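Please treat every number below as a calculation from the coordinates, not as lab data. Since the structure is predicted, the reported quantities are computational estimates derived from the model, not experimental observations. Cβ atoms come from the backbone with ideal geometry, glycine included; neighbour counts cover every protein chain shown.
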Amino acid sequence: MKILVTGGTGFIGSHTVVELLDQNNDVVIIDNLCNSSESVIKNIEKISGKKVPFFNIDIRDKKALEELCTKNKFDCCIHFAGLKAVGESCQKPLEYYDNNINGTLVLLEVLKKYNCHNFVFSSSATVYGSPKSNPIDETFPKGTCTNPYGWTKSMIEQILIDLHNANPDWNIALLRYFNPIGAHKSGLIGENPNGIPNNLMPYITQVAVGQRKELNVFGNDYDTPDGTGVRDYIHVVDLAKGHVKALKVIKEKQGLKIYNLGTGHGYSVMQVLKTFEKVNNIKIPYKIKPRRPGDIAACYANPQKALKELGWKAQYTLEDMCRDSYNWEIHKKN
Ligand code: NAD
Ligand code: WQD
């Protein structure tokens, strides 16, 4: 398949491109590099041993997209491009709605014009809001998001559902990711947050290499086994492989399908911290702090639908994720 990957130099996009190339797909990457760097391309090429065409294009740039689609006939688009910082989205809602929603609309319009009706979208478990129970399956209702970022995911899902209802020729996979961490085992690609990380794992790895003093554990009074927040952490390589499997929806023209991509296991902040210390043989200083506004106690997936229908199941353990995240942080520093 010839696949347009938006946001392909980012964290999840770059790992997915590696897996797509491994399965002999023809990939073209576009990214405006607002949260990644062009050097990622050379590292993808090192890992895969293949050349990948890259274009510095903003998904809101209709003219550039049209030019690209005139020169390339895409079978499918996997759409990762977007802004994703929860806190920042509360400070800059208009930027988030413009980049994520307007950007997706422009992209969809161009794809429609050039008869590419196959689309895979990076959604998030955040669309479930505060779930009534765990594990969460795809029949759970979408909830109230606590930030503009979350709303962009929820709204784009609705746009894609409406698009498919209006024209069933569209084949669309909505993939709801749980908490991606880890990195490619080569240490050549991984997550590269700007400034102070918001997410748990990049914060831990920065403490591990001495870039930050200690981890702040946001709350130890939740209704969870040890009081700290529980999440479904998934290795980014497993997540990437999930995208390759999701192409089944496109190849078999299945219409619109929704899948959770998670492991089905919930781990607490303290379990992640202790596992990280054990596998990397390193001490991570931490302090208990008040709960972070907007956080929920626990969130983990029921991933059975993806197993049954796509034949996809996460393989990597929390130990693997902690080891590969640290390995990437060390490579990044050197
Ligand atoms: P990332 O920031 O590493 O990658 C996103 C890429 O999109 C970046 O390279 C950025 O430069 C690019 N981009 C942003 N706006 C663009 C625009 N207007 N035009 C072109 N390129 C643009 O983030 P990621 O973690 O790889 O996330 C990929 C997708 O998955 C995002 O849509 C994100 O919302 C979604 N997602 C991420 C997580 C997570 O925890 N990382 C969880 C659920 C969903
Ligand atoms: C995990 C746990 C924190 C940092 C976010 C987005 C979500 C999705 C993934 C994109 C929680 C605790 C964290 C720290 C801590 N992104 N924590 N100290 O909040 O589950 O999800 O990223 O779609 O939309 O909301 O992930 O990694 O921020 O937090 O104690 O310094 O770690 O309270 O329990 P979260 P996270």
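Here are some notes:
- Placing dummy labels 7 Å off each Cα toward the beta-carbon, the span from residue 332 to residue 137 is 3.7 nm.
- Kirkwood Rh, Cα atoms: Rg over Rh of region 167-223: 1.16
- Residue-averaged [θ]222 nm for the chain, counting only DSSP H segments that reach four residues, each worth -39500 (n - 2.57): -12000 deg cm²/dmol
- Near residue 212, the amide H atoms lying under 5 Å from its own belong to 207; only residues 5 or more places off or on other chains count, and H is placed 1.01 Å from N.
- The chain: proportion of alpha-carbon pairs further apart than 27 angstrom, %: 42 percent
- Where GluC sites (Glu not before Pro) in DSSP loops with at most 15 other Cβ within 10 Å are excluded, longest remaining stretch of the chain: 39-213
- Considering only the Cα atoms of region 33-125, their convex hull presents on average a projected area of 7.2 nm².
- In order through region 282-290: 3J(HN,Hα) via Karplus (6.51 cos²θ - 1.76 cosθ + 1.60), integer Hz, x for Gly, Pro: 8, 9, 10, x, 8, 10, 7, 10, x
- Counting every pair of alpha carbons in region 225-278, the share spaced more than 12 Å apart comes to 72 percent.
- Per-residue Karplus couplings for region 20-29, computed as 6.51 cos²θ - 1.76 cosθ + 1.60 with θ equal to phi - 60°, are listed in order as 5, 5, 4, 9, 6, 7, 9, 10, 10, 9 Hz, Gly and Pro entered as x.
- Sorted from greatest to least, the principal axis extents spanned by the alpha carbons of region 62-195 come out as 44, 39, 33 Å.
- Residues whose placed amide H lies under 5 Å from that of residue 298, excluding near-sequence neighbours: 230
- For region 199-334: span of alpha carbons on each principal axis (Å, largest first): 51, 39, 23
- Loop-located trypsin sites (Lys or Arg not before Pro) in region 98-134 (DSSP state not H, G, I, E or B) with no more than 15 neighbouring Cβ atoms inside 10 Å: 132.
- Over region 143-243, the fraction of Cα-Cα pairs per 10 Å bin, rounded to whole percents and listed from the shortest bin up, is 12, 29, 36, 18, 6, 1.
- When the Cα atoms of region 48-97 are aligned to their principal axes, the ranges along those axes come out at 38, 30, 19 Å in descending order.
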